[in-house]
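Before any comments, here is the structure.
Rule-based calculations on the coordinates, nothing more; no lab input. Please read all numbers here as calculations on a predicted model, not as lab measurements. Note that each Cβ is placed from the backbone with ideal geometry, even for glycine, and that neighbours are counted across all protein chains shown.
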Protein chains: 2
Amino acid sequence: MSAERSSRRSPPRARGARVEAFDPFGQPHPAVAVDVILFTIAGRELRVLLIDRQLPPFAGHKALPGGFVRVDESLDEAAARELEEEAGVRVRWLEQLYTFGALERDPARRVISVAYFALIDAAGLAPRAGTDATAVGWFDVRRLPKLAFDHAQMIAYAHERLRYKTEYAPVAFQLLPNDLTLGQLQAVYEVILGKPLDKRNFRRKVLGLDILEPTGELRQEGRGRPAALYRFRARRFADLGGGVVLDF
Amino acid sequence: MSAERSSRRSPPRARGARVEAFDPFGQPHPAVAVDVILFTIAGRELRVLLIDRQLPPFAGHKALPGGFVRVDESLDEAAARELEEEAGVRVRWLEQLYTFGALERDPARRVISVAYFALIDAAGLAPRAGTDATAVGWFDVRRLPKLAFDHAQMIAYAHERLRYKTEYAPVAFQLLPNDLTLGQLQAVYEVILGKPLDKRNFRRKVLGLDILEPTGELRQEGRGRPAALYRFRARRFADLGGGVVLDF
DNA sequence: GTTCAATAGTGTCTATAGGACACGAAATGA
DNA sequence: TCATTTCGTGTCCTATAGACACTATTGAAC
């Protein structure tokens, strides 16, 4: 939701007053925001990026990065921009999740929020606080703090979509570096799905999909026998099953 | 789409001027609309409901029913209301499809549109023109006229979602009366999926789902041997796989 | 340098789901 | 009564996925 998150355009005002946007004919009108659920994998946990809200409503609560959509940018652009501004994170791929439009989801005014979700590999784990948000951090989706607005619902829905999508589309690769081992990949699947997988069945299936090519190199994964490295053969993200590829 | 569809709140104005909504701080702001893709089955075709636009932009074009979201209604309510006002159709069930937010999708101003889709059985085939729209009609999805805004894209996406959903959720029942024959049901599946299905495999699968109970009656379907009637055991729509149940 | 601990890598059997496939039964209309 | 239309039924085959256990290679500890 995101009301008043953009401090740039949200001067302090009286609490309790319901302030609305207006259409060209002077009628009150819902405002439009985007919120982004950004997942990563670390420590065998699925984590989501949250920021600290500074302004009411929900000042002091954790919230998803997000903010109002500008009139000169698309929804996809707004989501990518807010993620970069508020969390200092650039993503290659975004997918629209759902649009939340309940009347009282923002207690201060009527805001409709288009939720997006995105995935990032562990290398992007150190987000810098952006201009708008002071603190940024990663939280285990199974142990979330109290969240502003309906952000808990958004995260739950995003997690569900991620689970479904993992079953039929190669989205899990977004959570790993380009070169990866089958052990890493299986660990990612196990974290997302929340259950252990059989190693032999997993390898048979993944290798049968013909989306991995061996690099010929080996990698030492802690101790133990070194594992063969593979590279994800993304056909320009054509088979990610929807979503938006950001080209930069 | 849907800009200026609500004639009630859209007086004539100069062409070409880009009129925007404003947020509480005087900044230009996107407006929010809903559009509804309503499908039915008739004449072994999948048909979609379209209305005639009266006002620019795209005056004279066919368009989806839809309009601006009011500040005192949820998105779901707005979609149901517009469908009833513009097309005289009440539906029991709606599902949010996608939110379209490209900059130039409405040439007159910035409008973000939340698309919904809904299904209705053939008994609802005679929609009355509502207050806003003069003419309402059903069109074969394979042979659509030129459409306003990005409505052709919306319909294509809705059709795709309907196909996917048909494979795993019992949505097809929305397109048939309460009491139905397996022949009718198979015909609906064949129209949605666009391919013939094997009768014996179809019956084995559907009956194995345990969602149909025989009423014990027979129905004469034209000529030929009478068919057994079944009733869909909707567990309060709990297994429709998402969407909004409207209770009235 | 031997042993231990940790991870990598490999094949078979079985159960289930789904696709292909053809004919007799019951009704209507000519 | 005959031709036409739709209803209703069972078997085989194949593909997919789950269950299941052992050897190989490395680093660390002793």
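Placing a label point 7 Å from the Cα of residue B:227 along the Cα-to-Cβ direction, the distances to the matching points in the other copies come to 5.3 nm, shortest first. Note on residue A:164 and residue A:215: their simple-model spin labels are 3.4 nm apart, each label 7 Å out from Cα toward Cβ. The shape of the range B:47-120 comes out oblate: with a ≥ b ≥ c from the C-alpha gyration tensor, a/c is at least 1.5 while a/b does not beat b/c.
Between the amide H of residue A:46 and those of A:141, distances stay under 5 Å, these residues lying 5 or more places away or on another chain, with hydrogens modeled in the peptide plane.
Each label was represented as a point 7 Å from its Cα along the Cα-to-Cβ direction; for residue B:227 and residue A:140 these points are 5.4 nm apart. Measuring between alpha carbons in the structure, the pairs from A:199/B:205; B:165/B:205; A:199/B:165; B:165/B:195; B:165/B:199 lying more than 24 angstrom apart are A:199/B:205; A:199/B:165. With the label put 7 angstrom out from Cα along the Cα-to-Cβ vector, residue B:137 ends up 6.2 nm from the copy partners, going from closest to farthest. In the range B:52-99, with Lys and Arg counted as +1 and Asp and Glu as -1 at Cβ, which of these residues, B:79, B:64, B:94, has the Cα nearest the positive end of the dipole, that is, farthest along it? Farthest towards the positive pole: B:64. List the lysines whose alpha-carbon lies under 17 Å from that of residue B:62, not counting same-chain residues fewer than 8 positions away? Cross-link targets: B:146.
Sites listed here are GluC sites (Glu not before Pro) in the range B:139-232 whose DSSP assignment is loop and whose Cβ has at most 14 other Cβ atoms within 10 Å: B:221.
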